[in-house]
Amino acid sequence: MKIKEIRAVPIKFQVQPKTKPRRQVGFPGGKKPFVRPANRYPQLRKPEAGERREAWQPPDQWQNVACVVTAEDGTWGLGISVMGTPVAAIINAHFAPNLVGENCMATEKLWDMMVRMSAMYGSNGLASYAISAVDVALWDLKGKLLRRPVYELLGGPQKDKIFCYASGSDTAWYLELGFKATKIFLPYGPVEGLDGLRQNEEIIARTRELVGDEVDLMADGWMGLDVEYTVRLAETLRPYRLKWLEDYLLPEEVDGYAAVRQRLPWQALATGEHWYLPMPFAQAASRRLVDIFQPDVLWAGGITAAIKICHIAEAAGISVIAHGGMNYPYGQHLSYAMPAIVWGEKSEGVSAPGVPLAEMVKLPGTAVIKNGYLVPSDAPGFGLEVTQVWLEEAAQAARSA
Ligand SMILES: [Mg+2]
């Protein structure tokens with residue numbers, strides 16, 4: 001079966017939960033900032049007039065992208081990724097004309113073609129988002145053509161259900177939802193100095209007190225710390241027994257990761273959501289920079305890249321937890337099938353207090369976490385229930401963003 005058409009379009013998810021939140025979301029005591037790599041420049045932290053986002057963030061039209069791959073018989077698969085406008089341009093102008101007419105089942109070959117086509121402008125970053133969107137659409141199509149769920153094409157279920165953790169600030173609500181592990185995004189980094197360090201400790205101390213000893217607790221620095229601060233922070237937080245410390249440096253600071261590893265031999269370390277394609281994971285595995293890899297299946301090169309990353313990790317005795325893996329069916333199917341993947345992260349669409357998780361589904365057909373565990377849909381492909389009408393409405397929402 002040949003590929004007849006590949007088309008990508010920026011989309012914006014529209015989620016309108018019916019239930020009203022019981023109270024405001026956030027840390028007890030109000031909303032806090034988050035550590036961000038650009039925080040050293042005050043002009044980049046300002047919210048732009050009338051907008052939700054801060055100045056450093058890409059424009060709203062860039063939020064998401066949908067990619068539809070259609071086969072000769074009219075069957076189509078759907079992929080998504082982020083950074084809508086530039087990623088759609090890479091897919092439509094560069095990848096699509098060269099992939100149409102190819103065998104739609106040849107996922108390894110098509111992935112390799114896209115990596116090699118984009119090499120001249122860097123196959124990581126934006127190109128990697130584009131590769132991911134096309135690749136997961138191809139896997140969805142393959143599952144639909146074979147009438148099997150994608151996790152069966154990846155080797156079949158490896159676990160009965162996926163243990164999930166919630167990432168965010170509303171720990172009490174996550175406990176109520178049945179999560180037995182949770183991750184806090186640190187509000188303060190090197191820019192806020194000793195006072196910020198003290199406030200980070202206060203938040204982690206209060207959260208540990210709230211969750212007790214039977215719930216695992218993690219902390220995320222979202223690329224915004226540095227080596228010295230990371231070491232100091234980890235030593236300060238040691239009494240609160242973090243399961244892991246995550247994403248503390250810029251993704252390219254490989255020698256920085258080596259320094260943190262050497263100076264914190266006792267602390268479990270995790271990163272990888274901003275590493276693209278399998279190569280950085282292979283390099284990190286050979287130097288054992290972290291204990292847990294966190295590739296994003298929709299950013300790092302799709303299911304095809306994620307399988308390779310899982311195999312690299314498994315052979316090196318490193319665990320994998322797909323970044324935001326429980327947010328969409330793509331990561332759910334991967335996590336269900338791969339022995340290297342130990343947990344599932346729910347980071348987007350964790351509902352506000354009192355709102356059922358089912359009301360927060362962004363992509364129709366996405367399976368919902370129940371009492372801290374998830375089982376993916378067993379419908380063909382990724383089990384998506386997306387229609388052409390839904391796609392047109394989501395594209396319209398992006399155009400008017
Ligand atoms: Mg993270």
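The values are calculated or read from the model by the stated rules, or taken from the named source; none is laboratory data. The model shown is predicted, which means the values in this text are computed figures rather than measured ones. Don't worry about glycine lacking a Cβ; one is built from the backbone with ideal geometry, like all the others, and counts go over all protein chains shown. Accessible surface is based on the protein model in full, side chains and every heavy atom, while ligands, DNA and RNA are left aside. Shrake-Rupley method; radii C 1.70, N 1.55, O 1.52, S 1.80 Å.
What the table shows:
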quantity: Three-way shape label, segment 295-334, alpha-carbon gyration tensor, a/c 1.5; calculated: prolate
quantity: Estimated Rh, segment 70-160: Kirkwood, alpha-carbon pairs, angstrom; calculated: 13.8
quantity: Tilt relative to the chain, helix 227-237 - C-alpha long axis, 0 to 90 degrees, to 10; calculated: 60
quantity: Farthest toward positive dipole pole in the chain [+1 Lys/Arg, -1 Asp/Glu at C-beta], among P364, P97, I307; calculated: P364
quantity: Under-5 Å amide H pairs with M218, H placed in peptide plane, nonlocal only; calculated: T182, K183, I184, K243
quantity: Nearest-20 debye value, the chain charge dipole, Cβ charges on Lys, Arg, Asp, Glu; calculated: 400
quantity: At 0.692 mPa s and 37 °C, Stokes D of the chain from Kirkwood alpha-carbon radius, µm² per second; calculated: 152
quantity: Heavy-atom accessible surface of the chain: percent carbon and sulfur, 1.4 Å; calculated: 52
quantity: Column: log10 I(q)/I(0), Debye, Cα scatterers of segment 1-155, q = 0.08, 0.12, 0.20 Å⁻¹; calculated: -0.33, -0.66, -1.17
quantity: Gain in span if fully extended, E252 to D112, counting 0.36 nm per residue against the direct Cα distance; calculated: 48.1 nm
quantity: Cα-based convex hull volume of segment 106-261 per residue, rounded to whole Å³; calculated: 167
quantity: Whichever aspartates and glutamates have a C-alpha closer than 15 Å to that of K18, once near sequence neighbours (fewer than 8 apart) are set aside; calculated: E359
quantity: For segment 108-219, accessible area per residue (1.4 Å probe, heavy atoms of protein chains only), Å²; calculated: 40
quantity: nm² value of the averaged projected area, convex hull over the Cα atoms of segment 152-374; calculated: 11.7
quantity: Residues of type lysines that K32 reaches as a straight line, Cα spacing below 17 Å, ignoring anything fewer than 8 places off in the same chain; calculated: K46, K183
quantity: Separation between Cα centres of segment 333-401 and segment 258-314, rounded to whole Å; calculated: 24
quantity: Cβ charges +1 (Lys, Arg) and -1 (Asp, Glu), total dipole of segment 152-374, debye; calculated: 520
quantity: Residue-span extension gain [E314 to D291] - 0.36 nm each, minus C-alpha spacing; calculated: 7.1 nm
quantity: Nitroxide proxy distance, nm - points 7 Å out along Cα→Cβ at V15 and K2; calculated: 4.1
